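The values are calculated or read from the model by the stated rules, or taken from the named source; none is laboratory data. Just so it is clear, the model here is predicted, and its values are computed rather than measured. Using ideal geometry, Cβ is built from the backbone for each residue, glycine included, and neighbour counts are taken over all protein chains shown. These accessible areas exclude ligands, DNA and RNA; they are computed on the full protein's heavy atoms, side chains included. Shrake-Rupley method; radii C 1.70, N 1.55, O 1.52, S 1.80 Å.
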Amino acid sequence: MGGNNETEGVTKYRLDFQQAPLPQPALALQLEPWRQRLCALGLIGGNNPARYDGLGFGNLSHRIKPGSSDFVISGTQTGHLEKMGSEAYALVTLCDPASNTIRAQGETPPSSEAMTHAAIYSAAPGAQAVI
């Protein structure tokens with residue numbers, strides 16, 4: 001859960017997180033081939049002191065189905081991982097900007113950018129992925 005730390009790459013929303021395996025792991029694994037391509041292009045990474053003070057960068061998500069507000073997103077600080085399984089993704093089931101709250105479940109908390117991804121899905125109902 002975030003605090004008063006203003007460091008980029010740190011979760012800055014209230015997180016209601018249930019640590020449990022994803023209910024449908026295949027949803028997360030649909031993102032992995034795209035994540036691999038982005039990693040190869042240097043658009044996802046981490047643990048490089050010269051870039052973002054070594055924090056991970058580059059998150060992606062996708063809606064679980066058209067019209068839904070639920071989405072799967074890469075987990076926080078996973079940019080350094082070369083390959084990820086479903087345990088490195090989270091399912092966001094609620095985003096409430098008014099209370100700055102995210103509700104999610106998974107084995108890894110969602111990216112610090114989960115609120116931003118939710119705002120994009122809300123503003124663009126036809127969007128199915130945020131990269």
| note | Residues in the stretch 64-102 that are touching an Asp or Glu at 6+ places or on another chain (Cβ under 7 Å), open to solvent by less than 30 Å² (accessible area, probe 1.4 Å) and among the hydroxyl-bearing types (Ser, Thr, Tyr) total 1
| request: Tally the residues that are closer than 14 Å to Tyr13 by Cα, free of Cβ contacts under 8 Å to residues at least 60 places away in the same chain and aliphatic (A, V, I, L, M), restricting the search to the stretch 64-121. | output: 4
| remark: Going through (1) crowded, with 19+ Cβ neighbours inside 10 Å; (2) within 12 Å of the chain's Cα centre (by Cα) one by one, Gln105 fails only at (1)
| request: Report the residue count in the stretch 1-16 for those that are at pLDDT 85 or above and either open to solvent by 60 Å² or more (accessible area, probe 1.4 Å) or part of a loop (DSSP other than H, G, I, E, B) (or both). | output: 3
| request: Of the numbered conditions (1) at pLDDT 95 or above; (2) part of a loop (DSSP other than H, G, I, E, B), Gln105 fails exactly one; give the number of that condition. | output: (2)
| the stretch 108-127: number of residues that are surrounded by 14 or more Cβ atoms within 10 Å (Cβ to Cβ), in a loop (DSSP other than H, G, I, E, B) and not β-branched (Val, Ile, Thr) | 5
| message | Just to verify a result, which residue in the stretch 22-80, among those that are under 16 Å from the mean Cα position of the chain (by Cα) and of a type in the set (Phe, Trp, Tyr), is modelled with the lowest pLDDT? | response | Phe57
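Within the stretch 76-92, work out how many residues are of a type in the set (S, T, N, Q) and out of contact with any Pro (no Cβ under 6 Å at 6 or more places or on another chain). Outline the logic, then answer.
Filtering the stretch 76-92 for residues of a type in the set (S, T, N, Q) gives 76-78, 86.
Within this subset, residues satisfying the condition of being out of contact with any Pro (no Cβ under 6 Å at 6 or more places or on another chain) are 77-78.
Residues meeting the conditions: 2.
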